Structure formats: C-alpha cells, structure tokens
Amino acid sequence: METTKFLGAVLIMLAQQVLPPTRPHDGRTSAPGIRVGDWKYSAHVELHDQRQNLGVRTMTIAPRNSEQGPAWLVVMAMQAEGQTLTDSVIMRRSELKPVSRHAVAPATDLLLVTDDSMAHGLLTTGSSVTPLNVRLRPRSFLNYYALRAAFAELPLARGWTGAASVLELGGEPVFASLTLSVVDTERITVPAGEVDCWHVTVKGPGIDEHYWIGKERQDVIRTREPIGGQGAIMQLDLVSFTPTH
C-alpha cells in the first residue's frame, strides 16, 4: 500500500511561498524560519477498525547552493517492501521558489527542473518515458514535503489563511491550488512528546489534509491525509528531531 501511495504522488502522493496571512492575530510579527536537521516520523494507515504500521519516514533539510542561488534541500526517505524510496526537492531560500526535484522508487524515476514559468522533466516508469512540462503558479511547491518545510516560514496565528499550489501527477500534471487555514489550537501527544500545535487544514481539488504544526518552532508534528478510495487515512507522528550544522 505504501509503495502505491508514493508512486501515486510520483504517479498519486507525494509545491514556494504561501500568500501573506489574511487575518494576522496573536501579535506575531515573524515566523521562526526553516532550520536544518532530520525529522523522523512513524507512519501508519487506518481503515475502519484496522491499523497497519508503515515504519519510519525521515525528512531532512540541508542548505545548498544552486544555480539560482542559496537554497534548501528537502529530502524524504523511507523503506517500503524492502525498497528505499527518496523524494528530493531543492528550493531557493528567497521566496522558496522551486528549483528541482528528483524522486526515485522501484522502477520509477522522476526528474524535474524549473525556469521562470515552467517545470520541465521526465517521468520514467519501467520502459516508459513521459516528458513533463507543467506551468508554475505564482506560489508553487514541487511536492508536499517542500510545502511542509515551508510552514516554518509562515506567520501562523488564530484565523490565519493562505494559499499555495502543489504538483499533482495522478492525472494530467498540474500545480493544484490549495487553501491553508489555521482552524484550531490543540495539545497533542506523539512519540516525541506533548506539543502545543496549530491545527491547519490543507484543501484543494480532491485534497483534504490536516497538519498539526508546533507553535514554538513550527515543525510538522502530525499529518493526516486520505489515501486510496476506500476511506483509509495515513498518519505521520513526529518521533524525533536531530539538528545538524
């Protein structure tokens, strides 16, 4: 199931800056900002009264210098059915504009690079090679992990809303428009401990995800997202964070 989920964002799973807050509250004037390190998450799928554990997933953020200037490298790595899957995005530090993406799964390879208006690349699945030319939107992310990393740059507060777009490859490749909204505050417990969070909804065409973002550092603490068409929900819970320098 997890391999299918990943390939679906490379063939259903799996993208820059969101709009300024429409209703800034709580007196916050600046966000904490992206930091470097490794975030480990436990993953599981819930379907009715059943639960399937999917192991550990790691998100790594590191500084990079790209042809477009100083950048962040955001890497998701996981094991599925004995195979290693990775999905790497580079985005400029200024305005978090996308630079490139490289996703690798069994028999699948996705490579994208951007210019001022388009994401160009190739999707290889087995012996099939599909050219990709997808028009960027004003605020685009090349995958959901880059979007999640960007939450550390946002002035989250009660009533905050914003917008972004993320690359979807499940049908006709497109940057799907998303609405982001802080809907509540909650204190949740994950393997990493108890954390006061902003509860953020991420909604778009066929997209209904829920994120819990730590109030202090604005790390992603928990995510919940539907997968497949049978009502299954995939949940990630933060296990640990290890800073790097």
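For this structure, a couple of remarks:
- Complete set of residues in the stretch 159-173 that are open to solvent by 60 Å² or more (accessible area, probe 1.4 Å) and either in a strand (DSSP E or B) or modelled with pLDDT of 95 or more (or both): none
- Matching option when the condition is over 17 Å from the mean Cα position of the chain (by Cα), modelled with pLDDT under 95, more than 26 Å from residue 140 (Cβ to Cβ) and hydroxyl-bearing (Ser, Thr, Tyr), among 244, 185, 189: 244
- Residue match in the stretch 63-85 (condition: open to solvent by 30 Å² or more (accessible area, probe 1.4 Å), closer than 21 Å to residue 191 by Cα and assigned to a strand (DSSP E or B)): yes
- Residue among 186, 95, 194 that is open to solvent by 40 Å² or more (accessible area, probe 1.4 Å) and farther than 30 Å from residue 55 by Cα: 95
- Only a single item in (1) in contact with a Pro (Cβ under 7 Å, 6 or more places away or on another chain); (2) modelled with pLDDT of 90 or more; (3) buried (at least 16 other Cβ atoms within 10 Å of the Cβ) is not met by residue 16, and it is number (2).
- Residues of the stretch 107-118 classified as more than 15 Å from residue 88 (Cα to Cα) and assigned to a strand (DSSP E or B), total: 1
- Selection over the stretch 19-44 of residues that are modelled with pLDDT of 80 or more and either in contact with a strand residue (DSSP E or B) (Cβ under 9 Å, 6 or more places away or on another chain) or closer than 19 Å to residue 146 by Cα (or both) gives a count of 14.
- Some residue of the stretch 214-233 being within 19 Å of the chain's Cα centre (by Cα), assigned to a loop (DSSP other than H, G, I, E, B), within 23 Å of residue 39 (Cα to Cα) and polar (S, T, N, Q): yes
- Within the stretch 96-114, residues that are more than 16 Å from residue 124 (Cβ to Cβ) and charged (D, E, K, R) have Cβ atoms under 9 Å from residues that are open to solvent by less than 50 Å² (accessible area, probe 1.4 Å) and modelled with pLDDT under 95 in these pairs: 97/16, counting only partners at least 6 apart in sequence or on another chain.
- Number of positions in the stretch 98-122 that are open to solvent by less than 20 Å² (accessible area, probe 1.4 Å) and modelled with pLDDT under 95: 2
- Restricting attention to the stretch 131-150, the residues that are modelled with pLDDT of 95 or more and over 18 Å from residue 90 (Cβ atoms) add up to 3.
The values are calculated or read from the model by the stated rules, or taken from the named source; none is laboratory data. None of the values given here were measured: they were computed from a predicted structure. Ideal geometry is used to build each Cβ from the backbone, glycine not excepted, and the neighbour counts take in all protein chains shown. Surface areas here come from the heavy atoms of the whole protein model, side chains and all, with no ligands, DNA or RNA. Shrake-Rupley method; radii C 1.70, N 1.55, O 1.52, S 1.80 Å.
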